[in-house]
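Beneath this line is the structure, given in structure tokens, with notes to follow.
Derivation of every value follows stated rules applied to the coordinates shown; laboratory data play no part. Everything quoted here is computed from the prediction, not taken from an experiment. For neighbour counting, all protein chains shown are included, and Cβ atoms are generated from backbone atoms with ideal geometry for every residue, glycine included.
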Amino acid sequence: MIPRNVKDDFPILRQKMHGKSLIYLDSAATSQKPQGVIDALVRYYQEYNANVHRGIYHIAEEATRRYEASRGKVAGLINARRPEEIIFTRSTTEAINLVAYAWGRANMNEGDEILATEMEHHSNLVPWQMLAAERGAKLKFVPFDGQGLLDLDVYERLLNERTKLVALTHQSNVLGTINPVKDMTRKAHAVGAKVLVDGAQSAPHMPVNVQDLDVDFFALSAHKMCGPTGAGAIWARYEILDAMPPFHGGGEMIMLVQLDKSTYKEPPHKFEAGTPNIADCIVWSDAIDYLQDIGLDAIRAHEKQLTAYAISQLSEIPGIKILGPRDLERRGGVVSFHLDVAHPHDVAQVLDQEGIAVRAGHHCAQPLHRRLGISASTRASFYLYNNEDDVDALVRGLHVVHRMFSPRTAPVT
Ligand code: 7TS
């Protein structure tokens, strides 16, 4: 169970917006931060700001200890075998680009195939387009059906011995669909393909176990799970990281540098050149502590309940089309919809006047929207601090939209 007063932990939610209480329904873009995380960030700069892995004085050792402890915390969150399997990056986007650049360039050759899905966020699509163009590889896509579920028959048909990588989102940021990653991974491994999972929308909202899923790469961002912006990670099995060439070259990733060549450290340091984002990587662990104190199971259960409530209430709005699966076991707390009377940008603007923050647009998933035959949608996305009152406010706001944009009925004469 989520404590009823959890909202009080998030100072930003005490604000008024256009004279109304701020109702934040855009956590799929970025989550809000609890006071403890904000305080931990200030504490770092006030008490032990120093570069990591180099100083031999007290605060440098403290910063290094906490930076490495945070790596361990992220490893624990997704049940990695060892902390060295976690490479800190700036974000999910950078994590996926790291794999495309370092693993992809070494392993992808002319005629090889990358299999992605039609529901990918651009960050799990564009890096593969770039890699495919550079290496002469081919991109193929698994479509989704009218419910927003992947067509697994087509998936099986597309898999073959040329498939080197399956790049797959764990949870869609538009449809909310939770994909059957474990099953899909088993099938990918049967043809010798590696599997990269984009966990940007899953890791903040449900328990994740990379060993159980048996995937090869898993990408995630701190800022979507109550942590700071500018910190993310790629997890991969140690043997894969060990065999991979580096991503960026520079200080701290080397063993020995000569003028004409260098040798590199072991993972994870081989992939973390230069001064990392020390503060945000450290404070990510405070966000994970916060989530784990409440429990990822409890967060998932809360969002499932809230999504059920939202779908039932939103269905009452005339002319609404709600995207994504109806089966709550197969979707997370993201509810995108389309209103026949108003463009999503108008919807979002009217809702903003009511103090409600939603996202409108293509949500960095243009091919997904094209497949649905729409250019944009409005999205409400929930997190642990949302409750049924927030859904009620959204529904009231959408009635306002409807009154403003509906063509008036002809007056009775
Ligand atoms: N993958 C998915 C599924 C996402 O939803 C996002 C961000 C990313 C990758 C990229 O994460 P980043 O931390 O590198 O930016 N999604 C969104 C969104 O839906 N609205 O704004 C950002």
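One table, with the values for the structure above:
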{"quantity": "Residues Met253, Met244, Met404, sorted so that the one with the fewest Cβ neighbours within 10 Å comes first", "calculated": "Met404, Met253, Met244"}
{"quantity": "Cα gyration tensor, region 257-413 - rounded (a/c under 1.5), prolate or oblate", "calculated": "prolate"}
{"quantity": "GluC sites (Glu not before Pro) within region 35-127: DSSP coil, no more than 12 neighbouring Cβ in 10 Å", "calculated": "Glu110"}
{"quantity": "Shape call, region 350-413: gyration tensor on alpha carbons, a/c limit 1.5", "calculated": "oblate"}
{"quantity": "Trypsin sites (Lys or Arg not before Pro) within region 342-413: DSSP coil, no more than 14 neighbouring Cβ in 10 Å", "calculated": "Arg408"}
{"quantity": "Residue-averaged 222 nm ellipticity for the chain, from DSSP H runs of 4+ at -39500 (n - 2.57), nearest 500", "calculated": "-10500 deg cm²/dmol"}
{"quantity": "The chain shape via C-alpha gyration tensor axes, a/c threshold 1.5", "calculated": "oblate"}
{"quantity": "Over the chain, relative contact order from alpha-carbon pairs under 8 Å, at least 6 apart, %", "calculated": "22"}
{"quantity": "Listed residue (Val208, Thr117, Ala231) projecting farthest to the positive dipole end of the chain, Cβ model", "calculated": "Thr117"}
{"quantity": "Cα Rg, Dmax (largest Cα-Cα span) when computed across region 192-302, Å", "calculated": "16.4, 57"}
{"quantity": "Cβ-placed point charges (K, R +1; D, E -1), dipole of region 30-121 about Cα centre in debye, nearest 20", "calculated": "540"}
{"quantity": "Full-stretch length increase - His189, Ser21 - with 0.36 nm per residue and alpha-carbon distance subtracted", "calculated": "55.5 nm"}
{"quantity": "Cα gyration tensor of region 85-190 - equivalent ellipsoid semi-axes, whole Å, descending", "calculated": "21, 18, 13"}
{"quantity": "Inter-site label distance for Asn160 and Gln147 at 7 Å from Cα along Cβ, in nm", "calculated": "2.9"}
{"quantity": "Region 1-91: chymotrypsin sites (Phe, Trp or Tyr not before Pro) in DSSP coil with no more than 14 other Cβ atoms inside 10 Å", "calculated": "Tyr57"}
{"quantity": "Region 159-207: relative contact order as a whole-number percent, Cα under 8 Å and 6+ apart", "calculated": "49"}
{"quantity": "Highest to lowest packing among 215-228, 313-326, 137-150, scored as the average C-beta count within 10 Å", "calculated": "215-228, 137-150, 313-326"}
{"quantity": "Residues Ser406, Ser377, Ser91, sorted so that the one with the fewest Cβ neighbours within 10 Å comes first", "calculated": "Ser406, Ser91, Ser377"}
{"quantity": "Charge dipole (region 216-330, unit charges on Cβ, about Cα centre) - positive-most of Cys281, Ala298, Gly251", "calculated": "Ala298"}
{"quantity": "Distance violations [Cα-Cα > 29 Å] among Lys224/Lys321; Lys33/Lys73; Lys224/Lys270; Lys73/Lys321; Lys194/Lys304; Lys73/Lys138", "calculated": "Lys73/Lys321; Lys194/Lys304; Lys73/Lys138"}
{"quantity": "Unit Cα scatterers, Debye sum, region 20-94: log10 I(q)/I(0) for q = 0.13, 0.22, 0.27 Å⁻¹", "calculated": "-0.57, -1.17, -1.23"}
{"quantity": "Label-point separation, Ala29 to Tyr57 (7 Å along Cα→Cβ), nm", "calculated": "4.2"}
{"quantity": "Over region 296-367: Rg over Rh, Cα atoms, Kirkwood Rh", "calculated": "0.98"}
{"quantity": "Total formal charge among the other residues, if their Cβ is under 15 angstrom from that of Gln353, Lys/Arg +1 and Asp/Glu -1", "calculated": "+1"}
